[in-house]
1. Are any residues in the range 1-49 in a helix (DSSP H, G or I), surrounded by 15 or more Cβ atoms within 10 Å (Cβ to Cβ) and among the polar types (S, T, N, Q), and if so, which ones?
2. Could you list, in sequence order, all residues of the range 96-123 that are closer than 16 Å to Val192 by Cβ and at pLDDT 95 or above?
3. Among the residues of the range 87-95, are any of a type in the set (Gly, Ala, Ser) and either in a helix (DSSP H, G or I) or in contact with a helix residue (DSSP H, G or I) (Cβ under 8 Å, 6 or more places away or on another chain) (or both)?
4. Would you point out the residue of the range 157-215, among those that are touching a Gly at 6+ places or on another chain (Cβ under 8 Å) and of a type in the set (Phe, Trp, Tyr), that is nearest to Leu114 (Cα to Cα)?
5. Being small (Gly, Ala, Ser) and out of contact with any Leu (no Cβ under 9 Å at 6 or more places or on another chain) is the filter here, so list the residues in the range 140-170 that pass it.
6. For Val195, indicate whether it is under 27 Å from Phe107 (Cα atoms), touching a helix residue (DSSP H, G or I) at 6+ places or on another chain (Cβ under 7 Å) and hydrophobic (A, V, I, L, M, F, W, C).
7. Would you mention how many residues in the range 128-176 are among the small types (Gly, Ala, Ser) and without any contact (Cβ under 8 Å) to a residue 12 or more places away in the chain?
Amino acid sequence: MLILILLLGSAFIPSILYLVWVRNSEKIGKMDWSKVIVLFVWGAVFAVIMAVILSLLFIGVLSLETLQEEYVFLQRLQDPTIRTLFIVCVVAPVVEEFTKVMGVVSFKSSIFELEDGLVLGAASGLGFAATENLLYGSSAYFQYGFQTFAVLIVVRSVASTLLHGSASAVAGYGISKGLMSKKHYAVPYYLVAVVMHGAFNYLASAGMLYDGDIPIIALVAAVMFSLISFKLVRGKIKELDKKVTYRM
């Protein structure tokens, strides 16, 4: 029972704290907690399930043999598996950002301000990150012990969690911006979210490509990337919120 509490708490508490932080970045017209929580649950449950199914279908349909020929240069960088790199840096970002932002799309009738898309997108992403951390954390604990589990959770609580929240917030912003302007912004901002996610995964996966100090440097860069992205998202929410205050 204590182990279950440890695993759930270490996975979900950081995401919930970040969620409160993001939601409270707004001072005027804050998004209702009920809607924020629903989006968090969407990301934690439905987006994860959909992502697993779509990823399996994507990988099953897509032929990667030709990709190995096109990306031979990666093999020269000591890449042990082009397939793994492609899945981590391309398939996962495309699929996961799609499933997370679908929750925002389903709540588009509740979007009345530009910052609403940022908040709802972040909620979905943080929920997704919580479940992902639970899965990775549980695996690390039972396979390698508490020490490895602790290190993994600390790193993921900062890096992966903030990245998921930030990227999904950007995709959500595309939804709200499109609704407010009656123009098509959803796809461009979704692609930005995919690029953000893919770039982060590439940095986090540097150990598959390089030896020496480069993986450590890349991991630090990945953490910094997540922190800066999250800071920019909160800054954008505050900026848009001030404009609402000014109009009032």
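The values are calculated or read from the model by the stated rules, or taken from the named source; none is laboratory data. Because the structure is a prediction, the values reported are computed rather than measured. Methodologically, a virtual Cβ is constructed for each residue, glycine included, from the backbone with ideal geometry; neighbour enumeration extends over all protein chains shown.
1. Within the range 1-49, Ser10, Ser15 qualify.
2. Glu96, Glu97, Phe98, Lys100, Val101, Val104, Gly117, Leu118, Gly121, Ala122
3. Yes - at least one qualifying residue is present in the range 87-95.
4. If we take residues in the range 157-215 being touching a Gly at 6+ places or on another chain (Cβ under 8 Å) and of a type in the set (Phe, Trp, Tyr), then Tyr173 is nearest to Leu114 (Cα to Cα).
5. Selection gives Gly145, Ala150, Ser157, Ser160, Ala167.
6. no
7. 3
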